[in-house]
Amino acid sequence: MEKLKYPHLFSPITLAGTLFKNRIFASPTGTAYMSSQHYPIQETNAYYERKAIGGAASVCVGDAVVCSKHGRFNNGHIVLDDPGALSSLSRLSDAITRHGAVASIELSHSGSHAHSSAREGNQLFGPMEYVTEAGHKVEAMTEEKIFEVIEQHAAAALFAKQCGFGMVTIHGGHGWLLTEFMSPVSNRRTDRWGGSPENRCRLAVEVCKAVRKAVGPAFPIEMRISGSECNPGGYDIDEGVAIAKQLDGHLDLIHVSAGSHEVWDVFTVTHPDMFLPDGVNVKYAAEIKKHVKQSAVATVGALADPALMEEIIASGQADVVEVARGLIADPDLPNKARSGIGEVNKCMRCLWCFSSHMTKGLFACSINPVIGAEIENKWEIQPAGKKKILVAGGGVGGMQAAITAAKRGHSVTLCEMSGKLGGVLNCEHDVAFKKPLTEYLERQARLLKSCGAKVILNTQVTPELARELSPDVIIASLGSRAFKPDIPGIDGANVFGAEEIYLDPGKAGGKVVILGGGLVGSELAIYLAGLGREVEIVEMAPALGDGGNRLHGLAIRLELGRKKVAVNLSVTAKEITDKGLIGTGENGDRLFEADAVIYAAGQVPLRDEADALRFSAPEFYQIGDCLAAKNIAETTRQAFYTTRDIGRF
């Protein structure tokens, strides 16, 4: 094939004499699986190896600290100042490079945010002296300490090279030590390491020089910076350009990100949420690209569409696209885009991956059930016997179960009682920030058809139908129904369920009260506020619910603020009248006036409907919401592994 669909994206690039086969680099993501000595283990290797198998030109291992005593943010960081890590890190680099990708590792120092180091009783250091919110004292770095940190970066880079890594990525962004020196918010020093932009950038430049001296000229050096801090008081893109110009020529690739993961208000700018457009941070790299002469420029953030990546490279906005979540949702993105074979499973930016990593220490993805379990899925387990499988329900769980079963060679029939696959989530079809979800459902429907499963719409699975089809296995994925609160007035003409309003927002009128502050209610509030409605949320709990997705919950709270949605917590609904909702809280009763009251108070599993099918086949499995309320990630994972187990006897 002489003509590629994305010729610029798949043209090679050479950095410091190293050839990278395309312009898609796997951006650093934090490690999750570590030994007690902070060495990578087999699960760590398999996670990064899977990205190399998928065709990324470079795979970067994130969160490797240059100083384990003073620089660790958490216990999941790899240590680069322990010679004992040599063999473990060498196995990790080999897992990446043997598939043709360049293995890179991120050199990090958390500075005043080295919480794990502080908890172990070690001193925190930063540009200025202050006391953290956790009560830890940060000491201003002396010049002696600054030179020590510079040498630690150089030593770590040399050690990484000895371990077989072909590139290092210096972390100079997102609020950690090098950024703390760059930022006028955190650096108010009056010596040569503070004051002017040139002085504040001096540490980063000296780190680059020391690393170059340690690794030699024929070894690529990348540095991630924040093109703008996107935070009041922090530097903007003009100063980001000034920083990049000082770094220009001291390294090979300037990796331009944005914001800070240490400032919650801009966390979802650094890691764009679903409310932001694709490629939202490309503008920072594009501006910096205009001003640097010797170093290549990379962009990152909300990139999952190969067509957008191609346009970025072709238009000269950046030389490289860095992808993190896009390669978690689909590690095969590069190979699929190059070959044109298979659809890319595009990231929905729901932030489940990051939330799972933060709260459970596990890699996970809402729409890729294999992430975090790469070893057990490395070799396909062939079923001992082929089964005739009937899947009841064509929502997220049912489609994933049918796809997995068909790919494993079983004979699969899926019945959906409505006229369209996708289940209850189809009601969000016209919601702009849920476009990636709609695309995912449509992709799954196409994949279901292409893998050979038989799909029957407008058909409910009953015991009678099951007897007629005589399957070996029934998988019940029937979903749930909305819970309708038992309060006076709930059946009034001005009361609606969330699904009904999603399908016909015109029923909401101009002023709306949403009863329930979970994900459904909060997202509906954002949607209606975006349509110009005046919206209030009434929630009986003391906080909005996030469904276990901590970071999406953060994104929602920020978006509710931007959309000026009033949130009323610790308020119990007493009655609904034609004037609105009467609720009671610590200040007594209050009327929340509204044209429409919308209930979004949770879901009730369709267990009775599933139970009716329990003895209609020799094998029976109940998955998804008809078992218990689950999110997309939990449902997808359960459907995949339940179905993967079928046919072993």
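Below are the figures for this structure:
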quantity	calculated
Residue match in region 49-60 (condition: open to solvent by less than 10 Å² (accessible area, probe 1.4 Å) and of a type in the set (Lys, Arg))	yes
Scope region 283-294; condition open to solvent by less than 10 Å² (accessible area, probe 1.4 Å) and either out of contact with any helix residue (DSSP H, G or I) (no Cβ under 8 Å at 6 or more places or on another chain) or without any contact (Cβ under 8 Å) to a residue 60 or more places away in the chain (or both); matching residues	ALA285
Matching entry among LEU437, LEU414 (being part of a strand (DSSP E or B) and either open to solvent by less than 20 Å² (accessible area, probe 1.4 Å) or modelled with pLDDT of 95 or more (or both))	LEU414
Tally, over region 493-512, of residues that are assigned to a loop (DSSP other than H, G, I, E, B) and open to solvent by less than 30 Å² (accessible area, probe 1.4 Å)	2
Residues of region 46-58 that turn out to be touching a His at 6+ places or on another chain (Cβ under 9 Å) and closer than 18 Å to MET34 by Cβ, as a count	1
Condition met for HIS250 (closer than 13 Å to ALA298 by Cβ and of a type outside the set (Phe, Trp, Tyr))	no
Neighbours by Cβ (under 7 Å, 6+ apart or cross-chain): first from region 191-212, open to solvent by less than 50 Å² (accessible area, probe 1.4 Å); second among the aromatic types (Phe, Trp, Tyr) and outside any helix (DSSP H, G or I)	ASN199/TRP193; LEU203/TRP193
Region 265-286, subset under 15 Å from the mean Cα position of the chain (by Cα) and acidic (Asp, Glu), residue nearest to VAL300 (Cα to Cα)	ASP278
Residue within region 313-320 that is in contact with a Ser or Thr (Cβ under 9 Å, 6 or more places away or on another chain) and without any contact (Cβ under 8 Å) to a residue 40 or more places away in the chain present	yes
Matching residues, region 94-148, being hydrophobic (A, V, I, L, M, F, W, C) and closer than 30 Å to TYR47 by Cα	ALA95, ILE96, ALA101, VAL102, ALA103, ILE105, LEU107, ALA114, ALA118
In region 618-634, residue least open to solvent (accessible area, probe 1.4 Å) [restricted to those that are part of a helix (DSSP H, G or I) and not hydrophobic (A, V, I, L, M, F, W, C)]	GLY624
Some residue of region 130-151 being closer than 29 Å to SER90 by Cα and of a type in the set (Lys, Arg)	no
Tally, over region 635-649, of residues that are over 16 Å from ALA402 (Cα atoms) and either touching a Cys at 6+ places or on another chain (Cβ under 9 Å) or surrounded by 22 or more Cβ atoms within 10 Å (Cβ to Cβ) (or both)	0
Helices (runs of 4 or more DSSP H) within region 322-399 that include 1 or more residues of a type in the set (A, V, I, L, M), farther than 26 Å from GLY479 by Cα and more than 12 Å from the chain's Cα centre (by Cα)	333-339
Region 426-454 residues that are touching a residue at least 60 places away in the same chain (Cβ under 8 Å) and farther than 18 Å from GLU523 by Cα, paired with ones that are among the charged types (D, E, K, R) and open to solvent by 80 Å² or more (accessible area, probe 1.4 Å) (beta carbon under 6 Å, 6 or more apart)	ARG443/GLU343
Of residues in region 34-48 being open to solvent by less than 30 Å² (accessible area, probe 1.4 Å) and either among the β-branched types (Val, Ile, Thr) or in a loop (DSSP other than H, G, I, E, B) (or both), the one farthest from VAL344 (Cα to Cα)	TYR39
Residue in region 475-491 that is farther than 22 Å from GLY397 by Cα, of a type in the set (A, V, I, L, M, F, W, C) and open to solvent by 60 Å² or more (accessible area, probe 1.4 Å) present	no
Total residues in region 231-259, condition within 24 Å of ALA26 (Cβ to Cβ), open to solvent by 10 Å² or more (accessible area, probe 1.4 Å) and modelled with pLDDT under 95	0
Residue match in region 85-108 (condition: more than 19 Å from SER186 (Cα to Cα), free of Cβ contacts under 8 Å to residues at least 24 places away in the same chain and of a type in the set (Gly, Ala, Ser))	yes
Cβ pairs under 8 Å, 6+ apart, first in region 483-506 and on the phi > 0 side of the Ramachandran plot, second open to solvent by 30 Å² or more (accessible area, probe 1.4 Å) and at pLDDT 95 or above	GLY489/GLU575; GLY489/THR577
Selection count where residues are open to solvent by 80 Å² or more (accessible area, probe 1.4 Å) and under 29 Å from TYR599 (Cα atoms), scope region 443-474	2
Failed item, numbered, when THR268 is tested on (1) part of a loop (DSSP other than H, G, I, E, B); (2) β-branched (Val, Ile, Thr); (3) within 27 Å of ARG637 (Cα to Cα)	(1)
Residue satisfying condition, being within 30 Å of CYS415 (Cβ to Cβ) and either of a type in the set (Gly, Ala, Ser) or under 34 Å from the mean Cα position of the chain (by Cα) (or both), within set VAL512, VAL520, VAL461	VAL520
Helices (runs of 4 or more DSSP H) completely within region 513-617 that count 2 or more residues being closer than 23 Å to TRP264 by Cα, of a type in the set (A, V, I, L, M) and at pLDDT 95 or above	519-530, 550-562
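The values are calculated or read from the model by the stated rules, or taken from the named source; none is laboratory data. Since we're looking at a predicted model, the values are computed, not measured. Note: ideal-geometry Cβ built from the backbone for every residue, glycine included; neighbour counts use all protein chains shown. Each accessible area value is taken on the protein alone, full model and side chains, heavy atoms only, with ligands, DNA and RNA left out. Shrake-Rupley method; radii C 1.70, N 1.55, O 1.52, S 1.80 Å.
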